[in-house]
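Before any comments, here is the structure.
The values are calculated or read from the model by the stated rules, or taken from the named source; none is laboratory data. Remember, predicted model here, so these are calculated numbers, not experimental data. All Cβ positions, even for glycine, are placed from backbone atoms using ideal geometry, and neighbour counts span all protein chains on display.
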Amino acid sequence: MRIGCPKEIKNHEYRVGLTPESAKELIVQGNEVWIQTQAGSGIDATDQQYVEAGAKIVDTPDEIFAECEMIVKVKEPQEAERKKLREGQILYTYLHLAPDAPQTKDLVESGVTAIAYETVTGPRGQLPLLKPMSQVAGRMSVQAGATALEKAHGGRGVLLGGVPGVMPGKVVVIGGGVVGFNAAQMAAGLGADVTILDRDPDVLEKVGTHFEARAATRFSNQANLYDAVCGADLVIGAVLIPGAAAPKLVTREMLKDMQKGAVLVDVAIDQGGCFETSKPTTHADPTYVIDDVVHYCVANMPGAVARTSTYALNNVTLPHALRIARMGWKKAMANDPYLAEGLNVHAGEVTYEAVARELGYEYRPVAEVLTNQG
Ligand SMILES: NC(=O)C1=CN([C@@H]2O[C@H](COP(=O)(O)OP(=O)(O)OC[C@H]3O[C@@H](n4cnc5c(N)ncnc54)[C@H](O)[C@@H]3O)[C@@H](O)[C@H]2O)C=CC1
Ligand SMILES: CC(=O)C(=O)O
Ligand SMILES: [Mg+2]
């Protein structure tokens, strides 16, 4: 198979879909790999390293989108990239379609076969292709929140760990999954006063057992959320209903009762955000203030630590890429129901139920697509 990897074009996105090492694995298996010149510059991977791995360097994304059977990326295709997608082509990347009607429309109209990293599952229902980036974003969320809490950045002027004789900052983490767990680890490590809310009793048990006295756990209902959020210095939004738009758990109304200069970091922004007042921001201009509450809503947080993130991402995306290249996507999915969960759009139809429901498309189950000949 001819596989192409364009340079990412989202604001301050420095990751790359394929490292030179991953390109080499695909090439050793008999595939052709085309890399856009400078695609790896954000992680200091040179064109020469890709050439040594056996890849071909091409000048423009146009050549890649026109000639390659599978496109491997990191972020959802931007508008300019979507215009280049073709029927029958495989797009393998993060998509986050439920809150993104224009992207979904373009993918449907292009006829592309779009596999979303974030909805590929694992044997215990986990999201293994989302996990490493959630680990990164969870850890970064505390750094981002700590910076935003500084007075010069609009925050309350609170040091999360406090100092001897002064109370630490209060960190509230909504959602105790991968992002939430990693955020709590960082916050507790700094010595902050940490509370984790979730509505899944198993998650509450897991985080409660892990953190013991270093973090409190609370069931996520409206009363507990209100109480925790209004007393917080830093709130981290880390909820997920896989493939669906995030529920709005902190309303505009609640901001008025929050502390002046408190910070909301909405990691769930890629699924539309879990605070009513969230709107996507960029690394170039990451925060804005509403009702004296600082909002940080960067949708590609791991892009800022591109080196760590690219290698962590490639570790989990490459095995599936190798299988798709070896067998074709249909056979690879027929052999692996967890990969099949990743199919979001195929040949003009939406094949992921939560996305279809959210955006009003007819849902075409993947099983039907896979049994269809051709
Ligand atoms: N902004 C960024 O750069 C990045 C964003 N993310 C996003 O972060 C979000 C969280 O991802 P993960 O932690 O991997 O998901 P996860 O599935 O591991 O955890 C989500 C948790 O939210 C909980 N939850 C669901 N509804 C809830 C509610 N009403 N109240 C409290 N908890 C609730 C679930 O029980 C689960 O424990 C996703 O939207 C993901 O795409 C991930 C990586 C980077
Ligand atoms: C998961 C995601 O959206 C990211 O890593 O940018
Ligand atoms: Mg206020």
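Quick notes on this one:
- Among the residues of region 290-314, those that are surrounded by 16 or more Cβ atoms within 10 Å (Cβ to Cβ) and assigned to a strand (DSSP E or B) comprise Val293, Val294, His295, Tyr296, Val298.
- Checked against the criterion of being closer than 30 Å to Gly273 by Cα and small (Gly, Ala, Ser), region 66-81 has at least one qualifying residue.
- Contacts under 6 angstrom Cβ, first residue in region 113-139 being not assigned by TED's automatic domain parsing to the domain that holds Ala187, partner among the charged types (D, E, K, R) and assigned to a helix (DSSP H, G or I), 6 or more apart: Leu130/Glu118
- Scanning region 1-18 for residues that are part of a strand (DSSP E or B) and surrounded by fewer than 22 Cβ atoms within 10 Å (Cβ to Cβ) gives a single hit, Arg2.
- Test: residue in region 107-117 that is under 23 Å from Ala183 (Cβ atoms), within 20 Å of the chain's Cα centre (by Cα) and surrounded by 18 or more Cβ atoms within 10 Å (Cβ to Cβ): yes
- Check on Ala245, in a loop (DSSP other than H, G, I, E, B), within 13 Å of ligand 1 (Cβ to nearest atom), touching a Gly at 6+ places or on another chain (Cβ under 8 Å) and closer than 20 Å to Gly180 by Cβ: yes
- Exclusive hit being touching a residue at least 24 places away in the same chain (Cβ under 8 Å), within 13 Å of ligand 1 (Cβ to nearest atom) and farther than 28 Å from Gly360 by Cβ, set Val293, Val250, Val289, Val229: Val229
- Of all residues in region 123-162 being of a type in the set (Val, Ile, Thr) and more than 16 Å from Thr308 (Cβ to Cβ), the one that is surrounded by the fewest Cβ atoms within 10 Å (Cβ to Cβ): Thr147
One line per residue, one yes/no per condition, for (1) at negative phi; (2) part of a loop (DSSP other than H, G, I, E, B):
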| site | (1), (2) |
| --- | --- |
| Gly88 | no, yes |
| Leu95 | yes, yes |
| Pro99 | yes, yes |
| Leu107 | yes, no |
| Ala114 | yes, no |
| Gly122 | yes, yes |
| Pro128 | yes, yes |
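- Those residues of region 282-310 which are on the phi < 0 side of the Ramachandran plot, more than 13 Å from ligand 2 (Cβ to nearest atom) and of a type outside the set (Gly, Ala, Ser), in sequence order: Asp285, Pro286, Thr287, Tyr288, Val289, Ile290, Val293, Val294, His295, Tyr296, Arg307
Let's see how each residue does on (1) part of a helix (DSSP H, G or I); (2) more than 24 Å from Val136 (Cβ to Cβ):
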| site | (1), (2) |
| --- | --- |
| Gly155 | no, no |
| Asn182 | yes, no |
| Ala188 | yes, no |
| Val207 | yes, no |
| Leu225 | yes, yes |
